[in-house]
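Below: one structure, written as structure tokens.
The values are calculated or read from the model by the stated rules, or taken from the named source; none is laboratory data. Nothing here was measured: the structure is a model prediction, and the numbers come from that model. Every residue, glycine among them, receives a Cβ derived from its backbone with ideal geometry; neighbour counts consider all protein chains shown.
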Amino acid sequence: MSGEDALDPRNLTFSQAYGYEELPQPLKLGEIPDGARTKLWSVLFHFVEQESDGHFVGESWEEILTFLHVEYHERALDEVDDTLENFIGVYKPIFMRDQFNEVFDLLLAIMRYQACPQEFIRDVAAVFKESRLAYVVDTSSPVTIYPAATEEEGEAVLRATAELSNAGLAGAVSHLRQASENINQGDHAGAVRESIHAVESTVRLIDPNAQDLKPALKWLEKENGLHPALKRGFSSLYGFTSAEPGIRHALLDNPQANVGLDEAVFMLGACASFSSYLARKHRPSAP
């Protein structure tokens, strides 16, 4: 449901429509309200419970939960407990009480496992959208949770990564996914660094020997008439990461870069969009 849809009178409660309660507002990064937590837990419980015989989980989810027990929780294989009661006792508290990033870590571990049903991934993505979380789920493989301050930003990142994937730029997509994971883990400088690496990876489509953005901008200016002001803007944006200690040279300069969540999310969106822009501009014309 988009922001406009959420404010449609048909989607409001009586109290919201007549001013007795505040209208629903977009959520901030790092927030998962109780309602969304409950819905996400309900999705997982539904899929596990419908295969259960009432006491033990079903075969496919037994495989997934065994994987989580050994690889995610790092516990011994002989201690696996596949009862429905144990499943609820272990995983419900994570959804209902743990930090947002721990909920996302668990969801990604499940959704990236090879045996995870596509319907589960689809339903989780729907909850993110319906709950107006400041994140979007990219359901392509590997599944990724991208931070986005607004729904429009999230949709833009999804479109950009889809275009890059279709153009065969797997390296750029990988950097953008890593940038999103860095943001979700609180590594904002690392996120900016990975976002810029996505641009550099795309630049090499234009010039395989290019080490930075300059060759791509020169090519755009020559072949596509890139406006000088736009060129300066791209150069300045790129220069931000070169000038800020801890972003371009984290191991050589001060690791505590002066970059926060807002800058990291902005650079993720800006670099995703710019990378897809470069890919589109370099796409060979149809004969």
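Side notes on the structure shown:
- Residue ID - surrounded by the fewest Cβ atoms within 10 Å (Cβ to Cβ), chosen from residues in the range 208-223 that are in a loop (DSSP other than H, G, I, E, B) and modelled with pLDDT under 75: Asn209
- Every test in (1) under 21 Å from Tyr113 (Cα atoms); (2) assigned by TED's automatic domain parsing to the domain that holds Ser275; (3) out of contact with any His (no Cβ under 9 Å at 6 or more places or on another chain) is passed by Lys231 save one, and that test is (1).
- For the range 144-151, the criterion of being in the same structural domain as Ala36 (by TED's automatic domain parsing) and among the aromatic types (Phe, Trp, Tyr) is met by no residue.
- Looking across the range 38-97 at every residue that is more than 29 Å from the chain's Cα centre (by Cα) and under 16 Å from Cys116 (Cβ atoms), the one that is surrounded by the most Cβ atoms within 10 Å (Cβ to Cβ) is identified as Val57.
- Top-ranked residue in the range 224-268 [being at pLDDT below 70 and of a type in the set (D, E, K, R); ranked as farthest from Lys28 (Cα to Cα)]: Asp253
- Pairs, first at positive phi in the range 130-154, second surrounded by fewer than 21 Cβ atoms within 10 Å (Cβ to Cβ), C-beta under 7 Å, six or more apart: Arg132/Ala6; Arg132/Pro24; Arg132/Pro26; Arg132/Leu27
- Ile110 meets each of the listed conditions (1) surrounded by 21 or more Cβ atoms within 10 Å (Cβ to Cβ); (2) not in a helix (DSSP H, G or I) apart from (2).
- Selection of the range 115-168 for residues being assigned to a loop (DSSP other than H, G, I, E, B) and within 30 Å of Glu63 (Cβ to Cβ) yields Ala115, Cys116, Pro117, Ser131, Leu133, Thr139, Ser140, Ser141, Pro142, Val143.
- Within the range 157-176, the residues that satisfy the criterion of being within 22 Å of Leu261 (Cα to Cα) and touching a helix residue (DSSP H, G or I) at 6+ places or on another chain (Cβ under 6 Å) are Val157, Ala160, Thr161, Ala172, Val173, His175, Leu176.
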